[in-house]
Structures are given as structure tokens and as C-alpha cells.
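Student: This is the structure, below, for whatever I ask next.
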Amino acid sequence: MLRRITRRGPRGRAPAGPLAHETAAPAAATAPAAAPATDPLDTAQEDRVRAVLSLGGVPHGELQDGVQHVRLRLLERAARGQEAPREVSAWAAVVASNWAMDYHRARRRQERLGERLAALHPEEPQEDGAESRLLSLAVAQGLDELPDSQRQVVVLRFYADLPVRDIADELGIPEGTVKSRLHAAVRVLRTRLHEGEVV
């Protein structure tokens with residue numbers, strides 16, 4: 001029977017060598033590779049964010065910056081270990097709306113209203129396209145005339161389709177305040193529509 005002979009070093013201890021390292025698997029080789037980061041916004045959510053930004057008066061060329069801001073906010077939440085928002089679409093719409101308001105505080109809009117509307121509605125129905133464009137123009141001009149706080153709730157309620165309760169929760173204001181802002185804004189928009197002889 002063959003016996004394994006171990007070479008002894010000084011004081012009878014086996015010297016450290018290749019055999020001493022063979023039993024330990026390299027940690028780097030066995031550690032699982034980090035999973036690639038996934039996009040926190042799906043296509044529908046990104047389209048919604050773009051619509052909210054555009055209706056909030058952000059020029060077409062600046063929309064991607066707003067989308068990236070929303071995406072970064074979601075990634076920051078994940079990095080801090082916070083749970084994803086219960087309703088990602090609603091949360092993203094509010095963040096986008098806030099970004100649009102910040103944008104207007106920082107600089108004046110430079111693109112014409114018609115270009116923004118064209119980006120939102122690239123394909124108009126032929127049979128009533130002219131009337132639809134006129135209606136959109138009148139509403140958008142009315143939006144431009146609203147105070148930021150009123151325009152924000154209008155965009156979130158009628159374009160992002162958020163319930164009043166969700167808007168109040170996300171903005172941290174009472175539901176009654178949301179309703180009063182909506183009421184005042186709708187009154188201005190109706191006046192704008194009548195002045196334009198659309199209705």
C-alpha cells in the first residue's frame with residue numbers, strides 16, 4: 001500500500017506550498033455575478049412620463065432629461081433599500097410634474113406650443129383633424145396661462161388620469177385643495193375655449 005509522504009519543514013511543520021492552497025476554492029470564482037441593473041421604467045410608464053412633461057410645458061428637446069430624472073429617482077430609492085412605490089406610474093407622473101415645475105423656475109420655455117402638441121399627437125384623424133388641433137391648441141394655451149400649482153393638478157388629473165385622492169397623497173396637500181385648484185383651472189380653460197370659439 002502506497003503512503004503519501006509529506007515533506008516536513010523546520011520543527012516538523014509542513015511547509016506552505018501549492019498543496020496548502022488546493023483545498024480552498026477562490027472566492028472570486030464561486031461568487032455569483034452581479035445581476036445587471038434593469039430599467040425601472042417600462043415603455044408605457046416612460047411614455048406617460050413624457051406626456052406629463054410635455055403637457056407641463058417642457059420643450060421636446062428637454063424631455064429626455066426629465067425622463068432620466070424620474071428614472072434616477074427610482075434607482076436612488078432602490079439603492080437606499082427603499083421599496084418601490086406602490087403605484088410606480090402614479091409616482092413617476094408626480095415626479096415628472098414636479099420636474100416640469102422646477103424646469104420653468106430655472107429657465108423660460110423656448111419651443112413653440114405647436115411643436116409640443118405635434119410631438120404629443122403625431123397622427124391626427126383626417127376627418128376632424130383641424131377641429132381637434134384647434135381644440136388642443138386652445139386647451140394648451142389655457143394650460144400655459146395657469147399658475148404652476150393649478151396646471152400641475154390639471155395635468156395629473158386629466159392627462160395622467162390620477163384620482164383626486166392620489167394627487168393629494170402624492171403632493172402632500174388636502175383633497176379639498178386639489179379640488180379647488182381643479183375647479184379654478186377648469187373655469188379658466190372653459191373661458192379660453194369660448195374665447196377661441198371652439199365650443
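Just so it is clear, none of the values below were taken in a lab; they were calculated from the coordinates. For clarity, every value in this text was computed on a predicted model and none was experimentally measured. Ideal geometry is used to build each Cβ from the backbone, glycine not excepted, and the neighbour counts take in all protein chains shown.
Student: Can you give the extra length, in nm with one decimal, that the chain gains between H104 and V88 once fully stretched, where that is 0.36 nm per residue apart less the Cα-Cα distance?
Tutor: Net length gain for the segment: 3.3 nm.
Student: Need one word for region 40-112: rounded, prolate or oblate. Basis is the Cα gyration tensor (sqrt eigenvalues a ≥ b ≥ c); a/c below 1.5 gives rounded, then a/b vs b/c decides.
Tutor: In terms of gyration-tensor shape, prolate.
Student: Quick one: go through region 51-81 and flag any residue whose amide nitrogen is under 18 Å from the point 7 Å out along the Cα-to-Cβ line of T38.
Tutor: Zone members listed by number: 71-81.
Student: Just how large is the dipole of region 40-112 about the Cα centre, in debye to the nearest 20, putting +1 at every Lys and Arg Cβ and -1 at every Asp and Glu Cβ?
Tutor: 280 debye
Student: Another question, then. Which ³J(HN,Hα) values in Hz, rounded to whole numbers, follow from the phi angles of region 178-184 under the Karplus curve 6.51 cos²θ - 1.76 cosθ + 1.60, where θ = phi - 60° and Gly and Pro get x?
Tutor: 4, 5, 5, 5, 4, 4, 5
Student: Under a 5 Å amide H to amide H cut-off, with H placed in plane at 1.01 Å, what residues pair with E87 once short-range neighbours are removed?
Tutor: none
Student: From the square roots a ≥ b ≥ c of the eigenvalues of the alpha-carbon gyration tensor of region 51-91, which class results: rounded (a/c under 1.5), prolate (a/b over b/c), or oblate?
Tutor: The shape class here is oblate.
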